[in-house]
């Protein structure tokens, strides 16, 4: 394949289109349903394609906004990375789940697992691969929750072997697993 065709293909996979967004969102919401997270309350969350954002993706005012082109996508393109749209949606849906089920998030159990209150506005600890599934998870407790939730969905609720010996991560994973079981049973608190 000529270089210019390959370059176009690489660039196009960093641009989000409505069909790609709809397909990825269907996949993620299906995962959430299979794992017990989906309720009618989440039907109220809108997932919207927006033209552009200099920052990133986002959960705002009860909606998930995904830009066609974002600063994060341009950064990835420049550095040769590619973040899967499904992973972005898994992370943003975590914020929607936290908003929809505050009785799980506003507990001492959450604070013990994630190192601070969900709404704490900054990092509670420096990044430590023994405590965080990604570097971004160290940004604040709400992002730690969203990153673990994203991995939980991606790995179909099965803790990857590489994380099984990391007790703080296992504790966070167990929090999300217990939350899924409770929501599936129609019990919206611990």
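The values are calculated or read from the model by the stated rules, or taken from the named source; none is laboratory data. Just so you know, these numbers come straight off a predicted model, no measurement behind them. All Cβ positions, even for glycine, are placed from backbone atoms using ideal geometry, and neighbour counts span all protein chains on display.
Table for the structure above
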| item | result |
| --- | --- |
| Filter pass, residue 180 being part of a helix (DSSP H, G or I), free of Cβ contacts under 8 Å to residues at least 24 places away in the same chain and surrounded by 15 or more Cβ atoms within 10 Å (Cβ to Cβ) | no |
| Tally, over segment 160-169, of residues that are more than 17 Å from the chain's Cα centre (by Cα) and in a helix (DSSP H, G or I) | 5 |
| Residues within segment 150-177 that are under 17 Å from residue 107 (Cα atoms) and buried (at least 19 other Cβ atoms within 10 Å of the Cβ), tallied | 4 |
| Residue among 145, 188 that is crowded, with 21+ Cβ neighbours inside 10 Å and either touching a helix residue (DSSP H, G or I) at 6+ places or on another chain (Cβ under 9 Å) or assigned to a helix (DSSP H, G or I) (or both) | 145 |
| Helices (runs of 4 or more DSSP H) fully within segment 24-136 counting 2 or more residues that are modelled with pLDDT of 95 or more and out of contact with any helix residue (DSSP H, G or I) (no Cβ under 9 Å at 6 or more places or on another chain) | 102-105 |
| Cβ pairs under 7 Å, 6+ apart, first in segment 96-108 and touching a residue at least 60 places away in the same chain (Cβ under 8 Å), second not in a helix (DSSP H, G or I) | 97/37; 101/188; 103/188; 103/189; 104/189; 104/190; 107/190 |
